[in-house]
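See below for the structure under consideration.
The values are calculated or read from the model by the stated rules, or taken from the named source; none is laboratory data. Just so you know, these numbers come straight off a predicted model, no measurement behind them. Methodologically, a virtual Cβ is constructed for each residue, glycine included, from the backbone with ideal geometry; neighbour enumeration extends over all protein chains shown.
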Amino acid sequence: MFKSLRNKIQSLNENQQNILTIILVLINVGIVIFWISFWVRPSKPAPVVVQKPTQVGEIPEQLRPGEIGEVVAGEKPLIELPITIFNTSGVIKEIQKDRLIILGEGTNFSDQKARELTLLFSESTTTFDGKELYQGFAGLKYLRVGDLITLQATENIRGKTQFFVDRVNKL
């Protein structure tokens, strides 16, 4: 069998023999690379350990919760809230040139009581009125007293009644 194969290879011209040699070398290199990658595995990266702050003093100022509506020591909260809250909803009571006053639903307070919230707008605040997106203070023109809105803040709003908003959505 090998004699007949050798005779067929010798009957090829020099150009064809060179091409066949290159193909065989590439196949061999592919097999070697496959076996090397199969047997030599890269080491697994060490797992990332995220340390959670244990005391309020270790939390950055922007992420610290407020103190309004927090349950007094010894009382049982109505609902266990996360340490950070960035969104809530409410009904617009008043519209000013750089802020909204809303009656919040109380979802950002441990006692879950509805409170008046002051939403401070900035140039980066985005307002969606159901049809269009408005940037900055221009969005205030498209909101009306009595509108139900949801909001997303740039800071932790837990226990706070005044804060900057990143996004306001009219429902």
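A few notes on this one:
- Scoring residue 160 on the criteria (1) in a strand (DSSP E or B); (2) at pLDDT below 90 leaves a single failure, condition (1).
- Residue match in segment 108-118 (condition: closer than 18 Å to residue 64 by Cβ, assigned by TED's automatic domain parsing to the domain that holds residue 86, more than 22 Å from the chain's Cα centre (by Cα) and at pLDDT below 90): yes
- Complete set of residues in segment 88-103 that are among the acidic types (Asp, Glu) and assigned to a strand (DSSP E or B): 94
- Of the listed requirements (1) surrounded by 17 or more Cβ atoms within 10 Å (Cβ to Cβ); (2) free of Cβ contacts under 8 Å to residues at least 60 places away in the same chain, residue 130 misses just one: (1).
- Within the option set 48, 71, 91, 56, being surrounded by 11 or more Cβ atoms within 10 Å (Cβ to Cβ), at negative phi, at pLDDT below 80 and of a type in the set (Val, Ile, Thr) holds for one residue only, 71.
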